[in-house]
Amino acid sequence: MSTQKMHTAAAGPIELDLSVSNGRVNVHVNPAAVNATVTVHTAAEDGPVADAVNDTKFTEYGNKLTVSVPDDMAGGIGGTSVVQVGGSTFSFGGGVVNTGSMTGVTISDGDIWIGGQHVVANGQVVAQQGAKVGGATGTITVDVVLPAGCSLAVSTRNAETTVRGDLEAIRFDARNGSLQAGGVKVLEAETHNGSVLVDRVEEELEASTHNGSITVGAYNGRRGSARTHNGDVTISATPASSGKLAARTHNGNIRVRGAGHLDLKTSTHNGRVW
């Protein structure tokens, strides 16, 4: 059993604006597709994660589709308490876990779900003794199918994002999350803790990360900038590229290939430029 919510957009290319706090985003560009579809799902049947899926909002206006998935970790626990579940002990203070493993565990307003199963409700254990919990971790997954010619914007705190296929534009904004994408004309990506890996950029590149690497397999653009504080920058420019390209890192290496014909600027404080 699982919880899911799905939306099918009007026919034709769209601009998809997606916001999701946690989980995973999978985007597949299918040139044969006529309509874009977005499916938000989780293995959890109840609890905050399932509620977030059920409360997801789809707003479509013209060729723009906005998808907003509520924060599945909103709420939290006030005060300080200690909860024992099986052989594990969890200590909480102000909604922050002080001790205990949190893999597959969701805590909200005094309730605890493990592996998508309700274990503690209002401080009382509700799972049967010996019940098996685990397997389904209760995380949120967003599966997207887009026709050709679409653009994508993702805003997230912790979700990993993968795009298979070519898009007109990608705008990626994350706190802790990486982006892996195929081909794109215009890329704007910013993440604090995460990497940016793109197979091909056709026109414009603007990528920055604090802790993570930036890699562009084939740069055909006319304007590009890649900046990271702790990480490497690797860009392969093609003869089709032109204009200015900047690559900067504080602690990391820079490797830019095939850029002899470009207005190239590189800088690193603790690292090498190849």
Under 29 Å from Lys244, Cα to Cα: lysines that are on another chain or at least 8 residues apart: Lys185, Lys265
Accessible surface of the range 4-54 [probe 1.4 Å, protein heavy atoms]: carbon and sulfur percent: 50 percent
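Hey, can you rank 154-160, 268-274 by average C-beta count inside 10 Å, highest first? Working shown, then result.
Values: 154-160: 20.4, 268-274: 12.4.
In descending order of packing, they fall as 154-160, 268-274.
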Nitroxide proxy distance, nm - points 7 Å out along Cα→Cβ at Asp71 and Asn26: 2.8 nm
Relative contact order, percent, the range 206-274 [alpha-carbon distance under 8 Å, six or more residues apart]: 27 percent
Accessible surface, per residue, of the range 200-273 when the full set of protein chains is kept, probe 1.4 Å, Å²: 46 Å²
Heavy-atom accessible surface of the range 158-221: percent carbon and sulfur, 1.4 Å: 39 percent
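The values are calculated or read from the model by the stated rules, or taken from the named source; none is laboratory data. Not measured: the values here are computed from a predicted model. Here Cβ is always computed from backbone atoms with ideal geometry, including for glycine, and neighbour counts include all displayed protein chains. Heavy atoms of the whole protein, side chains included, go into the accessibility calculation; ligands, DNA and RNA do not. Shrake-Rupley method; radii C 1.70, N 1.55, O 1.52, S 1.80 Å.
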